[in-house]
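Derivation of every value follows stated rules applied to the coordinates shown; laboratory data play no part. On a predicted model such as this, the values are computed, not experimentally measured, just so you know. Cβ sites come from the backbone with ideal geometry, for glycine too, and all protein chains shown count toward neighbours.
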Amino acid sequence: MTPARRSVFGGLLLAMAFLASPGYAADPSARPVDGSIAISVDHSAPEQGAIVRVELMGTPSPDNGVIHWKGRSWPMKGCGVGCFEALAGIDLAEAPGRHTLTVMASRGGGALRADVEIEVRERVFPLQAFQVPKEKDVQDPALVRRIEAEAKLFRERYDAPPSLPSWGSPFQPPVPGFVPAHFGARRVINGEPRNPHTGGDMTLPAGVPVHSIADGRVVFSGEQFFGGNELLIDHGGGIFSMYFHLAERAVSEGQAVRRGERIGSVGATGRATGPHLHFGLRVTGARVDPASLPGLVENR
Ligand SMILES: [Zn+2]
């Protein structure tokens, strides 16, 4: 993100003085906030790992929209005259029960606000037990330090001030006929419980071209222990896509990419037992199921 873009968003947040307005229960049908603004969500009771689309419609048109979710604010994307939209992620480990998502908009110097109640439902994830060769397992302290340092590089990207949205719906599958497996699997490796699997895997022949799911900017291009050749792309509005185990990376850090652009190819680098694509998604900080993103998996 350029400093200019960051200051635009910072200014937008500062300009927002909240006016008191009633809260509204989540409902698939739109509810008016002040008679001229309507908020709708497509899931009022999403499962862990799901993505909720939030839409704001107003006449006359609001100047902008922002969602506030799980302690952070994310800019909404324009979707036509008087329309703003955002995607909000439900982390795979989010506590089941009621959570509040706040939608804020400003218009002609005035500010509007509505609270949407989201009832998170528990999802049962599969159990995945397998063995990895000892030398590929995480035992030695130097390796543990390396893995921690590598995870920190990703956290820094997620924690940076949000970029303005460059994503567009529908998203493009990273490979044709994409069907991700094992999202959220609770893992037991060599008999020990480990972190859950936070992406979707698809076994593919090495060399299959991999494409960016939307416009964005490459914020990490490098080699790491688990993911091998990895790419992380920021699509703005809190949406990040990641592509692991690539045979090669065709784009470099800082580069802008377009939806459908070839960014690398399937491989088996890092900790992989064979060629496959590991595709992961972060949406508003949450680890979400790739299959819940519109357009990513065919026939959904
Ligand atoms: Zn994977």
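Against the main long axis of the alpha-carbon atoms of the chain, helix 141-159 sits at an angle near 20°. Highest mobility in the GNM of the chain, judged by mean-square fluctuation with C-alpha springs under 10 Å and restricted to GLY71, GLY236, GLY82, is found for GLY71.
Taking θ as phi - 60° and the Karplus parameters 6.51, -1.76 and 1.60, the scalar couplings of the range 121-129 work out to 9, 6, 10, 8, 9, x, 9, 10, 10 Hz in sequence order, x denoting glycine and proline. Counting only alpha carbon atoms, the long axis of helix 3-14 and the longest principal axis of the chain meet at about 50°. Taking a ≥ b ≥ c as the square roots of the Cα gyration tensor eigenvalues, with a/c under 1.5 meaning rounded and otherwise prolate when a/b beats b/c, else oblate, which class fits the range 150-300? Note, shape of the range 150-300 comes out rounded. Taking 7 Å steps out from each Cα toward its Cβ at ALA185 and LEU164 produces label points 4.1 nm apart.
Report summary: the helix-based calculation at 222 nm, which adds -39500 (n - 2.57) for every DSSP H run with n ≥ 4 and divides by the residues of the chain, gives -3500 deg cm²/dmol.
Applying a 10 Å radius around every beta-carbon, put 248-258, 225-235 in order of their mean neighbour count, most first. Could you put the intermediate results ahead of the total?
On the way: 248-258: 14.8, 225-235: 22.4.
My ranking of the peptides, most packed first, is 225-235, 248-258.
For the chain, a/c is not less than 1.5, where a ≥ b ≥ c are the root eigenvalues of the C-alpha gyration tensor, and a/b tops b/c. That puts it in the prolate class. Taking Lys and Arg as +1 and Asp and Glu as -1, the other residues whose beta-carbon sits under 12 Å from that of ALA250 total 0.
Averaged over residues, the count of other Cβ atoms within 10 Å places the peptides 103-110, 285-292 in the sequence 285-292, 103-110, highest first. Placing pseudo-labels 7 Å out from each Cα toward the beta carbon at LEU153 and SER36 gives an inter-label distance of 5.0 nm. Stretching GLU298 away from ASP140 to a fully extended chain increases their span by 52.7 nm, per 0.36 nm per residue minus the current alpha-carbon distance.
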